[in-house]
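Below is one structure, written out as structure tokens; the observations come after it.
The values are calculated or read from the model by the stated rules, or taken from the named source; none is laboratory data. This is a predicted model, so every value here is computed, not measured. Every residue, glycine as well, gets a Cβ built from its backbone with ideal geometry; the counts of neighbours run over all protein chains shown.
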Amino acid sequence: MLKYLVRRISATLLVLTLVSMSVFVIFAVLPMDPAALTCGKACSPVVIEGNRHRLGLDVPVQVQYGRFVEGLFVGRQYGDGAAAFTCPAPAFGYSFNRHECVTQLVGEAFPVTLSLAIGSFILWMSFGVGLGILAARKRNHWQDRLATAFVLIGTSLPTFISGILILIFVALKFGLVNPIEMGRWVSPYEDPVGWFKTFIFPWITLALLYAATYTRFTRSNVIETSSEDYIRTARAKGLSERDILRKHTLRAALAPIITLAGLDFAGLLGGAIITEGIFNLPGLGRLSIRAVLRDYDLPTILATTILAASFVVIANLLVDIAYAYLDPRVRVA
Amino acid sequence: MTHKPFLEVKNLNVAFPTGDGLVQASNDISFTVARGETLAVVGESGSGKSVTSLAVMGLHDRKRTEISGQAILNLETGPIDVISADDEVVRKLRGKAMSMIFQDPMSALHPYYSIGNQLIEAWSLYNEGSKQDGKKRAIEMLDLVGIPDAGKRIEEYPHQFSGGMRQRVMIAMALINNPSLLIADEPTTALDVTVQSQILQLIREMQKEFNMALILITHDLGVVAEVADRVNVMYAGKIVESGGAEDIYYRPDHPYSIGLLNSIPKIGELESKRLVAIPGQPPSLINLPQGCSFRARCAFVDRVSNNLCATTAPTLDQKSTDHFSRCHLSEAELVKARTEIGGK
Amino acid sequence: MTQPILKIEGLKKHFAITAGGAFSKSKATVKAVDGIDLEIYPGQTIGLVGESGCGKTTAGRTILKLYEPTEGTITFEGRDITKLSPKEMKPLRSQMQMIFQDPFASLNPRHTVGTVIGAAFEIQGITPVGGVEAEVQRLMKRVGLNPEHINRYPHEFSGGQRQRIGVARAIALKPKLIVADEPVSALDVSIQAQVVNLLEDLQDEFNMAYIFVAHDLSVVQHISDRVIVMYLGKVMEEADKVDLFTHPRHPYTKALLSAVPVADPIKGRKRERIILQGDLPSPVNPPAGCVFNTRCWKAQDKCRTEVPQLLQIGKDASHRIACHYPED
């Protein structure tokens, strides 16, 4: 098991390195000049060159990359002389548009995205998987047909439609959110009610989509597992239907679902761009989309991309370990 | 003998309603099995041999199956009819009064749990006691069925065992609560022939050890000859012949049995005679034709007067002592029939 | 003396299996077939017999070059075909065919019977006299199928009928050699006899050679002229049928024969039964020396270290066994 872990962790680090390098290379070959974008209308070549130097863009790509990696561990210094400043480790870079160290920006945006992800996750898992199990057990009865309808609706509605519909026809119509204050971040430790009010509708929006997929997936997994030979053996042993479901069927049926859930959760951690946009949440999604579309802010883009990739890669490792824990056939000696 | 046989099946019918019609999988089945006795149920696909036993175990989905008749277990506490009893009552008989092992040992054990876990689970259903007690009993059973190094292997997972070993584990699990009836549904079909003989020997030993009634379901006439005291030959959902093993093999009393025995190549018979095949194939169980179900493949249909085979379904009649056959032919005619096919 | 249709010498097929991910690989070799010799003549049937992992199915496929041999030579009608590329093999394929075990999985469910059987002509670019359809119907009739069903799909047929479709496909181009891989194992007992009889009749009619791969010794005994017994990739014993079944000399053959249940309650229960201990070892890790030594009741030290050669036993040159301590 240890050998397996070591192998996987090394592979994970390799992927992260490759991802970060790829992002660098992409930006290196793009025709736009980040230095030219750092100043507004009153731009002279001197200012641009000065910014280029301060941004560290006047050195070859490899050196930039090297400095970036170094910055992750020891922080990074920008400019020289009196105008010099440092971004403390882990330093992803400096955003000239926002005049802040990227790490700071990310640090502010991440709790928002995390709250969004966790709440949606709990909602969609309990509802989706629960409904899936119910539909499987009551196959072809009305509960199943209702669940199927839900699946169809849920998977057909993209978040930009469901989100806006919920916002307009539920939240605003019944005055459940204050449109001016909407999306303002409050910490759950300071103002739990406020926090809940901020996130409940985004949670429902996201959960709707995922729950539908999980209902469908759970239903088919449970049905398939129920027809396996070992379930027949369990029944022949004299186990009650409830015990069979709980101890035998679910354990086998849910294993792949848990794997998928882990990956979906990790994907969400990178930012739910559309949902955050609709509900005006200052999360990683909004941070990245603005950096790409509005600001062309390379350091921020770099940071959000690498962060999103890291979440997914790490989640991959974790779900593989979890799956190996569940299914002994997968464990590599 | 005043003791009633442990299992009494009377006029058991099992049918499945499907989109295409009612599949009459098992029709008017009656037989008994006593403790210490081995009944072999022989048949091909669609014969109903498995369906009947699943009904005895109460393993059919009552919502999707029409079952009638009786399957009575004569327990010490009194008789219980599985067919009419409550689901909960029947559940508590499974694994305790009666057990079943199935064909494919590769898929019959849960891949995620250790075999110890699964054995102890079976034990804890019917025994008060700690996990340690259960584990002790489980190791005892594994030893009994011939798993070497049982104390260590009990922690292992099914995929770490070979097919033969897994079947042994299944047997251990089926017997851990001392059942009085064991139903083995094609227990050796998926195994290699050298392993097959090990498992058959084990099943016979266990039967003696626990004094169980044993129902062995198979399509292999060789296996039947090895272990059976009595044989039920099934075809298209009905018992077509029933008798002692020697009667069935040396004095078969049904054209199907006769045909079957003549169509299998036999080890030791080295003069290559052409196999006498039964023409055609088993009928569909939906809308069975009127009259005898075997009629379309029978070589002796024209020996029966008045076209009886086409109009009247034969009943299971006694042809000689303790030997029954579902055929319109008389015993004398059947004796003649035996010699005509393949010179038996 | 006629020339053998097929001659195989020292045929081996090893599979490399790798375990592990990107950073470490553990290589193992499965020696599925580890040395087999064979000579087969027109009209002859050789039975290839053994249990799981013995390599008989792999041998059958390697003989037809469905797998590329790792070692050894295959000579078909005097021509060495061992190293021929798939393209070069193509014209020969009409001469050497295979019948598969699983009548449910071996037919494409989206092709009609006519397409399945007619494919042979299409692939080889041969148009039979009277046209493909007429020939297909003729073949269907020959194997006992109703020619009017030419446009039906496999799922509309029973297992036995599907197997007949497979047979019709195999004989379409009148091959000289057919490798039948467990052709009746998946069939009901009463249907098995029908298909066995069909195969025998066809063999008489076309003088084809059969390599009959099976684990069912009764069927092998019935249909074969010669039998090769395999265990974990190696040949344990080979002999003419009567010799092998009346006077087996290898302990494994003896154990195998004694394990076959006999459809005779009195004789069967009286017979001497050799029950082998233990399980079949994994083909990834076969025992050293004689591969059978872990289960052989007469294994000595020599058996655990020295691999026995396949040598003639007794006066009959065609009876060979690989054993240090043969049975009498």
- Message: Can you pull out every residue in the stretch B:85-117 that is within 22 Å of A:Leu250 (Cβ to Cβ), of a type in the set (Lys, Arg) and either surrounded by fewer than 20 Cβ atoms within 10 Å (Cβ to Cβ) or in contact with an Asp or Glu (Cβ under 9 Å, 6 or more places away or on another chain) (or both)?
- Response: B:Arg91
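Does at least one position in the stretch B:282-298 carry a residue that is of a type outside the set (A, V, I, L, M) and at positive phi?
So the first thing to find is which residues in the stretch B:282-298 are of a type outside the set (A, V, I, L, M), and the list is B:282-284, B:287, B:289-295, B:297-298.
In the following step, the residues that additionally are at positive phi were identified as B:287, B:291.
Yes: one or more hits.
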- Message: Whether any residue in the stretch A:149-162 is over 18 Å from A:Phe121 (Cα atoms), touching a Ser or Thr at 6+ places or on another chain (Cβ under 6 Å), surrounded by 14 or more Cβ atoms within 10 Å (Cβ to Cβ) and of a type outside the set (Lys, Arg) is what I want to check.
- Response: no
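Going through the stretch B:127-137 one residue at a time, which ones are more than 13 Å from every other protein chain (Cβ to nearest Cβ) and in contact with a Gly (Cβ under 8 Å, 6 or more places away or on another chain)?
Looking only at the stretch B:127-137, we keep the residues that are more than 13 Å from every other protein chain (Cβ to nearest Cβ), and these are B:128-137.
Scanning the stretch B:127-137 gives a single hit, B:Lys135.
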- Query: In this structure, does B:Ala228 turn out to be within 11 Å of chain C (Cβ to nearest Cβ) and either closer than 30 Å to B:Gly146 by Cβ or more than 14 Å from the chain's Cα centre (by Cα) (or both)?
  - Reply: yes
- Out of the residues in the stretch A:152-180 that are among the aromatic types (Phe, Trp, Tyr) and part of a helix (DSSP H, G or I), state the one that is farthest from the chain's Cα centre (by Cα). A:Phe169
- Can we say C:Ser282 is over 13 Å from C:Ile321 (Cβ atoms), within 14 Å of another protein chain (Cβ to nearest Cβ), surrounded by 15 or more Cβ atoms within 10 Å (Cβ to Cβ) and not charged (D, E, K, R)? no
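Report yes if B:Ile215 is surrounded by 24 or more Cβ atoms within 10 Å (Cβ to Cβ), aliphatic (A, V, I, L, M) and farther than 29 Å from C:His222 by Cβ, otherwise no. Write out each step before concluding.
Values: surrounded by 24 or more Cβ atoms within 10 Å (Cβ to Cβ): yes; aliphatic (A, V, I, L, M): yes; farther than 29 Å from C:His222 by Cβ: yes.
Spelling it out, B:Ile215 is indeed surrounded by 24 or more Cβ atoms within 10 Å (Cβ to Cβ), aliphatic (A, V, I, L, M) and farther than 29 Å from C:His222 by Cβ.
Of B:Glu246, B:Glu241, which residue is at pLDDT 90 or above, part of a helix (DSSP H, G or I) and either surrounded by fewer than 23 Cβ atoms within 10 Å (Cβ to Cβ) or away from every other protein chain (no Cβ under 12 Å) (or both)?
Working: B:Glu241 fails: part of a helix (DSSP H, G or I).
Residue meeting the stated conditions: B:Glu246.
Give the residue, chosen from A:Trp195, A:Trp185, that is part of a helix (DSSP H, G or I) and in contact with a Ser or Thr (Cβ under 9 Å, 6 or more places away or on another chain).
Numbers: A:Trp185 fails: part of a helix (DSSP H, G or I).
Of A:Trp195, A:Trp185, the one residue that is part of a helix (DSSP H, G or I) and in contact with a Ser or Thr (Cβ under 9 Å, 6 or more places away or on another chain) is A:Trp195.
Conditions (1) under 30 Å from B:Met57 (Cβ atoms); (2) within 14 Å of chain B (Cβ to nearest Cβ); (3) surrounded by 21 or more Cβ atoms within 10 Å (Cβ to Cβ); (4) not aromatic (Phe, Trp, Tyr), marked per residue:
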| position | (1), (2), (3), (4) |
| --- | --- |
| A:Thr233 | yes, yes, yes, yes |
| A:Glu241 | yes, yes, no, yes |
| A:Leu260 | no, no, no, yes |
| A:Leu281 | no, no, yes, yes |
| A:Gly285 | no, no, yes, yes |
| A:Val292 | no, no, no, yes |
- Item | Per-region count, the stretch A:113-140, residues at pLDDT 90 or above and more than 22 Å from A:Ala255 (Cα to Cα) | 4
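Would you say C:Tyr252 is touching a strand residue (DSSP E or B) at 6+ places or on another chain (Cβ under 7 Å), within 11 Å of another protein chain (Cβ to nearest Cβ) and crowded, with 20+ Cβ neighbours inside 10 Å?
yes
Would you list the strands (runs of 3 or more DSSP E) that sit entirely within the stretch C:18-108 and hold 1 or more residues that are touching a His at 6+ places or on another chain (Cβ under 8 Å) and within 14 Å of chain B (Cβ to nearest Cβ)?
Details: elements: C:26-40, C:45-49, C:71-76, C:96-99.
It comes to C:45-49.
With C:Gly43, C:Gly78 as the choices, which residue is surrounded by fewer than 22 Cβ atoms within 10 Å (Cβ to Cβ), small (Gly, Ala, Ser) and more than 18 Å from C:Glu9 (Cβ to Cβ)?
Values: C:Gly78 fails: more than 18 Å from C:Glu9 (Cβ to Cβ).
One residue alone meets the criteria, C:Gly43.
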- Item | Residues of the stretch B:206-225 satisfying the condition of being within 12 Å of another protein chain (Cβ to nearest Cβ) and touching an Asp or Glu at 6+ places or on another chain (Cβ under 8 Å) | B:Thr218, B:His219, B:Ala225
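Test B:Ser305 against the criterion of being touching a residue at least 12 places away in the same chain (Cβ under 8 Å), among the hydroxyl-bearing types (Ser, Thr, Tyr) and away from every other protein chain (no Cβ under 14 Å), and give yes or no.
Numbers: touching a residue at least 12 places away in the same chain (Cβ under 8 Å): no; among the hydroxyl-bearing types (Ser, Thr, Tyr): yes; away from every other protein chain (no Cβ under 14 Å): yes.
For B:Ser305, the condition - touching a residue at least 12 places away in the same chain (Cβ under 8 Å), among the hydroxyl-bearing types (Ser, Thr, Tyr) and away from every other protein chain (no Cβ under 14 Å) - is not met.
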- When only residues in the stretch C:291-321 that are within 23 Å of the chain's Cα centre (by Cα) and polar (S, T, N, Q) count, which is nearest to C:Ile46 (Cα to Cα)? C:Ser318
- Note on the structure: Counting only residues in the stretch C:88-111 that are touching a Phe, Trp or Tyr at 6+ places or on another chain (Cβ under 7 Å) and under 18 Å from C:Ile165 (Cβ atoms), the one surrounded by the fewest Cβ atoms within 10 Å (Cβ to Cβ) is identified as C:Pro109
- Search the stretch C:238-254 for residues that are of a type in the set (Phe, Trp, Tyr) and pair each with any residue that is crowded, with 24+ Cβ neighbours inside 10 Å when their beta-carbon atoms are under 7 Å apart and the residues are at least 6 apart or on different chains. C:Phe245/C:Gln221; C:Tyr252/C:Val229; C:Tyr252/C:Tyr231; C:Tyr252/C:Met236; C:Tyr252/C:Phe292
- Task: Determine which single condition C:Phe245 fails, assuming it passes every other condition in (1) surrounded by fewer than 21 Cβ atoms within 10 Å (Cβ to Cβ); (2) more than 10 Å from chain B (Cβ to nearest Cβ); (3) modelled with pLDDT of 85 or more.
- Result: (2)
- If B:Pro17 satisfies every condition in (1) free of Cβ contacts under 8 Å to residues at least 60 places away in the same chain; (2) within 30 Å of B:Ser124 (Cβ to Cβ) but one, which is the exception? (2)
- Message: Where the second residue is hydroxyl-bearing (Ser, Thr, Tyr) and the first is more than 12 Å from B:Tyr256 (Cβ to Cβ) and lies in the stretch B:229-240, which pairs have Cβ atoms under 6 Å and are six or more apart or on separate chains?
- Response: B:Asp229/B:Thr38; B:Asn232/B:Ser242; B:Gly237/B:Ser26
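Okay, residues lined up against (1) of a type outside the set (D, E, K, R); (2) facing chain A (nearest Cβ under 8 Å); (3) outside any helix (DSSP H, G or I); (4) within 24 Å of the chain's Cα centre (by Cα):
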| position | (1), (2), (3), (4) |
| --- | --- |
| B:Ser99 | yes, yes, yes, yes |
| B:Pro105 | yes, no, yes, yes |
| B:Ala108 | yes, yes, yes, yes |
| B:Pro111 | yes, yes, yes, no |
| B:Ala122 | yes, yes, no, yes |
| B:Leu125 | yes, yes, no, no |
- Item | Number of the condition not met by C:Ile228 [criteria: (1) in a helix (DSSP H, G or I); (2) touching a residue at least 40 places away in the same chain (Cβ under 8 Å)] | (1)
- How many of the residues in the stretch B:289-315 are surrounded by 18 or more Cβ atoms within 10 Å (Cβ to Cβ), among the aliphatic types (A, V, I, L, M) and not in a helix (DSSP H, G or I)? 2
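Going through B:Ile258, B:Ile203 one at a time, which residue ends up being more than 12 Å from chain C (Cβ to nearest Cβ), at pLDDT below 95 and either more than 14 Å from the chain's Cα centre (by Cα) or assigned to a helix (DSSP H, G or I) (or both)?
Working: B:Ile258 fails: more than 12 Å from chain C (Cβ to nearest Cβ).
Only one candidate qualifies: B:Ile203.
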